[in-house]
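Here is the structure we will look at.
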Amino acid sequence: MLKLILLRAVLGIASIWVISLLVFAITDILPGDTATAILGQEATEESRAALRDRLGLDRPAYIRYADWLANMVQGDFGVSFATDTPVAQTVSLRVANSLRLAIVAAILAVPISLALGLLSAAFPGSPFDKALTVGSLLVVSMPEFVVGLLLVLLLAVSFKLLPAVTTSLDTSSLAGTLRGLALPALTLLAAVQAHMIRMTRAAVLDVMRKPFIEMAQLKGASRGRIVLRHALPNAVGPIVNVVALNLGYLVSGVVVVEVVFSYPGLGLLMVQSVATRDMPVIQITAMIFCTTYVLLTLLADTLALLSNPRLRDAA
Amino acid sequence: MTMLAQTERGARSIRRLPDLTTLGILGLLLLAVNALLAVFGSAIAPHSAAELIGGGAFGPPSDAAPWGTDYLGRDLLSRVLHGAKYSIGIAAAATLLGFLAGISIGFAAAEIRGRFDVVMIWICDIFLSFPSILLALLVIAGFGTSLPVLILTIAFIQLPRVIRLSRAVAMGISTLEFVEVARARGESLPSILGREILPNSLRPLAVEFGLRMSFAVLFISSLSFLGLGIQPPEADWGGMVRENLSGIYYGALAAIIPALLIGLLVLGINLTVDWLSGEVPKAESQDLR
């Protein structure tokens, strides 16, 4: 059991390492001359050579990779090409903002999705169940930015309840923070709900077919009691797994959603740096996103292992 | 003997299409309209994609611009028609490419097994642990954005999932009697894969093709919305949402129309997939038991 979890952890670390190789290869080796990228095409050969010397760019790639990795682990992410300021400063502010958004989205999405999934499992085939299935599938048929757009149209333009963009997050008051976070968080909720609702419904319905549920029904237990006390505890494993997976999905979801609302998070920073090819910023944002994603997938795997003994033998 | 008869009938029911449902017809219709738009959209557009037709930004519908104008005063309808080939074409090309490569590798892995299989699955799992949007952002950071880069990137992102699925499907089929017989006849690997396994795995593969295609449509739209896909003055539907975003606050529909078209395209694909993955006609499935 512990061995299996450790094995997953080692695999997780291995994939983070592969990702770091990939990130370095794409952003450092591939684009060609970094000195030209920083100084521009018009720079003289001497100034380029001087910069190459200062940044150590004429050393072999594997030494630069080792150096880059060592610096990153110590929290030194280099200097942005675009703003000429240390990347670490910008990134730490942006990480805090993205975390706020992801946490609020998770706090909204998990209980709402689980409650809706349980309700539709309690009344399978009912009009509520059908409407929920169709509705949540319609929402995921649209890209996140379209959902965000429709929410803006409805809540910001038509009813003027919430700000349409959140270019800076007012963290001085809780109300201000929540107002700024509401629309981006609702958009993320729309992106992750369908999977969680459907998996919760499927997991509970799967248990509902078991003989001990029939036994409970014959004893005259109420529908609510059967679903909550008998079925739910036995369906916790797959549900927890899908929740963790969707928290991982929030990580990539924030990239698009932050652009929709001009929200000053890590995703917007990464997209802007890709457009300007600001490599040091791209490197660290990509590493943060991927590491978080891998860790959440690892968490999902571990929880699935813990909750379902049958998986332990299979692996 | 009964075993053999059963598996043969099972194989035939995999090949059969389910009866058409209302939603299935709707999905096929939506797909057909979108395919026509992708092929003929540019030809029937009244204006070129970049032409300024006057009337100012976010103009109301008029004779020259039936759907109004966009943020630069260009005909919205024409731009939608020109954009169709990108939104649909890139997704279709990338998915086809990913499937051709993915099925070849996946089938081969299922038939060869051994070390080739293990290594392939290992590589797939590593790439699956990488969020797709971040992979695309990295590739665009390295290579810049262009039509070939976009198609190849999306095809590559599809690849590990297609390999895993086609491998699983082929493994199920490769133990059936008629494949054993082909193997005993001494048929070559390409012949077994292409003539025995492929025809019998078309339906699950078609379902997966639909799912991957709708992913590709959403993905290229999102990349263009981020400003990293098709570059101005050309625009796919996702790019049109991006450029006309500010119009929303004035109540202009310029961003909403392409957004809804993306939704309808994906809905069409999903409804078709639902129909394809539905039950084969009742009589036959009962026969199977």
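Overview of results
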item	result
Candidate lysines - alpha carbon under 17 Å from A:Lys210, same-chain residues fewer than 8 apart omitted	A:Lys219
Pairwise label distance in nanometres, B:Thr21 with A:Asp67, each label 7 Å out on the Cα-Cβ vector	6.1
Residues A:Leu174 and A:Ala221, FRET efficiency given R0 of 56 Å [Cβ-Cβ distance, rounded to 0.05]	0.85
HN-Hα J in Hz across segment B:80-89 - Karplus 6.51, -1.76, 1.60, θ = phi - 60°, x for Gly and Pro	4, 5, 5, x, 4, 5, 6, 4, 8, x
Under the span-like rule (Cα at least 27 Å along the axis, Kyte-Doolittle mean at least 1.6), DSSP H helices of chain A	A:2-24, A:87-122, A:232-260, A:279-307
Modelled FRET efficiency - R0 45 Å, B:Val119 with A:Ala202, Cβ distances, 0.05 increments	0.85
Cβ-derived FRET efficiency at R0 22 Å, B:Leu202 paired with B:Val39, nearest 0.05	0.35
Amide hydrogen neighbours beyond the local backbone of A:Leu57, cut-off 5 Å, H modeled	none
Length released on extending from A:Val157 to A:Ser47, taking residue separation times 0.36 nm less the Cα-Cα span	34.4 nm
Residue-by-residue Karplus 3J(HN,Hα) for segment B:101-113, coefficients 6.51, -1.76, 1.60, Hz, glycine and proline x	5, x, 5, 4, 5, x, 4, 4, 4, 5, 7, 7, 6
Residue list for segment A:253-276, given a label point 7 angstrom along the Cα-to-Cβ vector of A:Ala82 and an amide N cut-off under 18 Å	A:254-276
Which of B:Glu243, A:Glu258 has the fewest Cβ neighbours within 10 Å, and the rest in rising order	B:Glu243, A:Glu258
Sorted by Cβ neighbour density within 10 Å, fewest at the top, the residues B:Trp67, B:Trp122, B:Trp237, B:Trp275	B:Trp122, B:Trp67, B:Trp275, B:Trp237
Gyration tensor (Cα) of segment A:2-73, equivalent ellipsoid semi-axes in angstrom	35, 11, 8
B:Ser62 paired with A:Thr167, simple spin-label distance in nm, labels 7 Å along Cα-to-beta-carbon	3.1
Percent RCO, i.e. relative contact order, over chain B, from Cα pairs under 8 Å lying at least 6 residues apart	28
Extension gain, A:Leu138 back to A:Ala25 (0.36 nm per residue minus Cα-Cα distance, nm)	36.7 nm
Centroid-to-centroid separation of segment A:111-125 and segment A:217-263 [C-alpha atoms, Å]	10
In sequence order, calculated HN-Hα J values of segment B:148-160 (Karplus, 6.51, -1.76, 1.60; Hz; x Gly/Pro)	x, 4, 5, 5, 5, 4, 5, 4, 5, 5, 6, 3, x
Quarter of the Cα convex hull surface for segment A:106-153, i.e. its orientation-mean projected area (nm²)	3.9
Sum of -39500 (n - 2.57) over DSSP H runs of 4+, divided by residues of the protein assembly as shown (222 nm, nearest 500)	-23500 deg cm²/dmol
Computed over chain A: relative contact order in percent, which uses C-alpha pairs under 8 Å that are six or more apart	26
Label point 7 Å beyond Cα of A:Arg59 along Cβ direction - residues of segment A:86-114 with amide nitrogen under 18 Å	none
Top of B:Val80, B:Val39, B:Val118 by mean-square fluctuation, Gaussian network on chain B, Cα under 10 Å	B:Val118
The protein assembly as shown, Rg to Rh (Cα coordinates; Rh as Kirkwood inverse mean 1/r)	0.98
Other-chain or far-sequence residues with amide H under 5 Å of A:Val79's (modelled H)	A:Val87
Descending semi-axes in Å of chain B, equivalent ellipsoid built from Cα gyration tensor	43, 23, 13
Whole-number D in µm²/s for chain A (Stokes-Einstein; Kirkwood sum over Cα pairs; 4 °C, 1.567 mPa s)	58
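Throughout, read-outs are computed from the coordinates displayed, never taken from laboratory work. Only a predicted model underlies this, so the values are computations on that prediction, with no experimental measurement involved. Because the Cβ atoms are built from the backbone with ideal geometry, glycine has one as well, and the counts that use them run over all protein chains shown.
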